[in-house]
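Visitor: First the structure, which I've put down as C-alpha cells, then a few questions once you've had a look.
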Amino acid sequence: MKARVHVMLKDGVLDPQGQAVAHALGTLGFQGVGEVRQGKVIDLDLAATDRATAEAQVREMCEKLLANTVIERYDIEIG
Amino acid sequence: MKAAVLVFPGSNCDRDLAVAFRNAGAEVTMVWHKDDALPAGVDVVGIPGGFSFGDYLRCGAIAARSPITRAVIEHTHRGGYALGICNGFQVLTETGILPGALMRNAGLKFVCKPVDLTVETADSAFTAGYTGGQRITIPIAHHDGNYVADADLVARLRAEGRVAFTYCDNPNGSVADIAGILSENRRVLGLMPHPERAAEPAHGGTDGAALFRSLVGALALA
C-alpha cells in the first residue's frame with residue numbers, strides 16, 4: 001500500500017522559510033500572495049494490505065519520527 | 001570522573017568536546033552511535049555539535065532514534081548527567097529529554113560568530129563556575145538554533161530557573177533570547193553556543209572552560 005504524509009508547521013508557529021518564499025514571489029511580481037507556509041511530503045511504500053493497518057502504522061511512524069509534534073502537525077493519505 | 005562523547009555520522013565537534021572534557025580532568029570514551037550501551041560508570045554524556053545524519057528529516061531527528069540515544073535516555077532517567085551542544089541540543093529536544101524545539105534561524109542564514117551570553121543561573125553543575133548575571137563570550141555556528149517554546153513553557157522554564165544562558169543580542173529569533181536550558185533535575189544542559197570552542201587561549205577566548213571545570217569538579221566530588 002502507498003501512503004503519503006504531509007508534515008506542516010502547526011498554526012501559530014512562525015515559518016521563516018515560508019515568509020522568505022512569499023517575499024521572493026513578491027519580488028518576481030506575483031501579486032496577491034498572502035501567507036506562504038512550507039512543509040514536507042513523505043511517500044511510503046508499505047507491505048500492509050489493508051487500509052486500517054497501514055494508517056495505524058503510519059500514524060505511529062509520524063508520532064515517533066516523521067513529525068516533531070512539538071512544532072509540526074501531519075496528515076496521512078492512504079492508497 | 002568519566003565522560004562519554006557520542007559520535008554520529010556527521011558529528012564534527014566530538015573531538016573538540018573530548019579535549020575540553022579531558023583538559024578539565026575527565027576520563028573520556030568516544031561512543032559510536034550503533035552501540036546500544038554506555039561504558040560502565042559514565043557520569044556525563046556529551047552530545048556533540050555537527051550535522052548528525054546530514055540533518056536529514058530534521059536536525060537531530062535521526063540521531064535521537066539511534067541505539068546509543070536510547071541508552072542516553074535511560075541514563076538521564078536514572079539521574080545521569082548529559083550535555084548537548086548545538087546539534088547535541090537539537091538531539092536532546094528531539095528525544096524529549098529537554099522541552100521545546102529548535103527551528104530554522106529567523107534570519108534564514110547560518111550564523112557563525114562569537115556572541116555575548118548572560119549566565120542566567122549559577123545553580124547547576126554546569127554553570128556553578130560562573131556567577132548569575134555574568135556576561136561571557138562563546139561562539140555560535142548554526143542554521144537551526146531558533147528555540148521555540150509556547151508561552152507556558154517559557155514561563156515555567158523561567159520560574160524554575162531552568163534558562164541557563166540567554167543571548168545579549170538575539171542572533172536567531174529564539175523565544176525569550178534563550179540560548180540554553182536545563183532539565184527539571186538540572187542535570188541535563190542543552191545549549192546552541194559552543195563552550196568547547198572557547199576553552200583554551202588558542203581558541204581566542206576561554207569563557208567556556210569554566211563550564212567544563214565546574215561540571216567535572218562537581219561530578220568528581222559526587
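Visitor: Mind listing just one residue for me: the one in the stretch B:134-156 that is small (Gly, Ala, Ser) and in a helix (DSSP H, G or I) and, of those, farthest from the other protein chains (Cβ to nearest Cβ)? Quick ask: steps written out before the conclusion?
Guide: Within the stretch B:134-156, the subset small (Gly, Ala, Ser) is B:141, B:145, B:149, B:151, B:155.
Subsequent filtering for residues that are in a helix (DSSP H, G or I) retains B:151, B:155.
On the way: B:Ala151: 11, B:Ala155: 16 Å.
Checking each candidate, the answer is B:Ala155.
Visitor: Can you confirm whether A:Glu72 is within 14 Å of A:Val5 (Cα to Cα) and open to solvent by 80 Å² or more (accessible area, probe 1.4 Å)?
Guide: On the way: within 14 Å of A:Val5 (Cα to Cα): yes; open to solvent by 80 Å² or more (accessible area, probe 1.4 Å): no.
No.
Yes/no matrix, rows are residues, columns are (1) modelled with pLDDT under 95; (2) outside any helix (DSSP H, G or I); (3) more than 21 Å from B:Asp144 (Cα to Cα):
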residue	(1), (2), (3)
A:Val7	no, yes, no
A:His23	yes, no, no
A:Arg37	no, yes, no
A:Val41	no, yes, no
A:Ala47	no, yes, yes
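Visitor: Can B:Asp36 be described as in contact (Cβ under 8 Å) with a residue 12 or more places away in the chain and in contact with a helix residue (DSSP H, G or I) (Cβ under 7 Å, 6 or more places away or on another chain)?
Guide: On the way: in contact (Cβ under 8 Å) with a residue 12 or more places away in the chain: yes; in contact with a helix residue (DSSP H, G or I) (Cβ under 7 Å, 6 or more places away or on another chain): yes.
Yes; evaluated as a whole, the condition is true for this residue.
Visitor: Being open to solvent by less than 60 Å² (accessible area, probe 1.4 Å) and in contact (Cβ under 8 Å) with a residue 40 or more places away in the chain is the filter here, so list the residues in the stretch B:20-32 that pass it.
Guide: Those that are open to solvent by less than 60 Å² (accessible area, probe 1.4 Å) and in contact (Cβ under 8 Å) with a residue 40 or more places away in the chain: B:Ala20, B:Phe21, B:Ala24, B:Gly25, B:Ala26.
Visitor: To continue, here is another question. Hey, can you tell me all the residues within the stretch B:94-133 that are within 14 Å of another protein chain (Cβ to nearest Cβ), over 16 Å from B:Arg187 (Cβ atoms), touching a residue at least 12 places away in the same chain (Cβ under 8 Å) and not in a strand (DSSP E or B)? Spell out how you get there, then give the answer.
Guide: Of the residues in the stretch B:94-133, the ones within 14 Å of another protein chain (Cβ to nearest Cβ) are B:94-111.
Then drop every residue that is not over 16 Å from B:Arg187 (Cβ atoms), which leaves B:94, B:100-111.
After this cut, where a residue has to be touching a residue at least 12 places away in the same chain (Cβ under 8 Å) as well, the list is B:94, B:100-107, B:109-111.
Residues satisfying the conditions are B:Glu94, B:Gly100, B:Arg104, B:Asn105, B:Ala106, B:Gly107, B:Lys109, B:Phe110.
Visitor: Does A:Gly32 fit the bill of being within 14 Å of chain B (Cβ to nearest Cβ), at positive phi and outside any helix (DSSP H, G or I)? Show your work before the answer.
Guide: Numbers: within 14 Å of chain B (Cβ to nearest Cβ): no; at positive phi: yes; outside any helix (DSSP H, G or I): yes.
No; evaluated as a whole, the condition is false for this residue.
Visitor: Same structure, new question: Which numbered condition trips up A:Gln19, out of (1) more than 23 Å from B:Thr93 (Cα to Cα); (2) modelled with pLDDT under 95; (3) open to solvent by less than 80 Å² (accessible area, probe 1.4 Å)?
Guide: Looking at each condition in turn, A:Gln19 falls short on (3).
Visitor: Can you tell me which residue among B:Gly84, B:Gly25, B:Gly46 is modelled with pLDDT of 95 or more and assigned to a loop (DSSP other than H, G, I, E, B)? Don't jump to the end; show me each part of the working.
Guide: Details: B:Gly84 fails: assigned to a loop (DSSP other than H, G, I, E, B); B:Gly46 fails: assigned to a loop (DSSP other than H, G, I, E, B).
Residue meeting the stated conditions: B:Gly25.
Visitor: Exactly one of (1) out of contact with any Pro (no Cβ under 6 Å at 6 or more places or on another chain); (2) more than 16 Å from B:Ile85 (Cβ to Cβ) is unmet by B:Thr29. Its number?
Guide: It is condition (1) that B:Thr29 fails.
Visitor: Inside the stretch B:53-76, can you point out the residues that are touching a residue at least 12 places away in the same chain (Cβ under 8 Å) and more than 14 Å from chain A (Cβ to nearest Cβ)?
Guide: B:Gly54, B:Pro67, B:Ile68, B:Ala71, B:Val72, B:His75, B:Thr76
Visitor: Then there is this: Going by what's in this entry, would B:Ala151 be described as aliphatic (A, V, I, L, M), closer than 21 Å to B:Gly96 by Cα and surrounded by fewer than 17 Cβ atoms within 10 Å (Cβ to Cβ)? First the steps, then the outcome.
Guide: Details: aliphatic (A, V, I, L, M): yes; closer than 21 Å to B:Gly96 by Cα: yes; surrounded by fewer than 17 Cβ atoms within 10 Å (Cβ to Cβ): yes.
Here the answer is yes, as B:Ala151 does meet what is asked.
Visitor: Test B:Arg15 against the stated conditions and say whether it is surrounded by fewer than 22 Cβ atoms within 10 Å (Cβ to Cβ), over 30 Å from A:Gln17 (Cβ atoms), modelled with pLDDT of 95 or more and within 16 Å of the chain's Cα centre (by Cα). Walk me through it before giving the result.
Guide: Working: surrounded by fewer than 22 Cβ atoms within 10 Å (Cβ to Cβ): yes; over 30 Å from A:Gln17 (Cβ atoms): yes; modelled with pLDDT of 95 or more: yes; within 16 Å of the chain's Cα centre (by Cα): yes.
The answer is yes for B:Arg15.
Visitor: Considering the stretch B:157-175 alone, what residues qualify as being over 13 Å from B:Leu98 (Cα atoms) and either away from chain A (no Cβ under 14 Å) or open to solvent by 60 Å² or more (accessible area, probe 1.4 Å) (or both)?
Guide: Kept after step one, since they are over 13 Å from B:Leu98 (Cα atoms), are these residues of the stretch B:157-175: B:158-161, B:165-175.
B:Arg158, B:Ala159, B:Glu160, B:Gly161, B:Phe165, B:Thr166, B:Tyr167, B:Cys168, B:Asp169, listed by residue number.
The values are calculated or read from the model by the stated rules, or taken from the named source; none is laboratory data. All of these numbers come straight from a predicted model, not from anything done at the bench. Cβ sites come from the backbone with ideal geometry, for glycine too, and all protein chains shown count toward neighbours. For accessibility, only protein heavy atoms count, side chains too; no ligands or nucleic acids. Shrake-Rupley method; radii C 1.70, N 1.55, O 1.52, S 1.80 Å.
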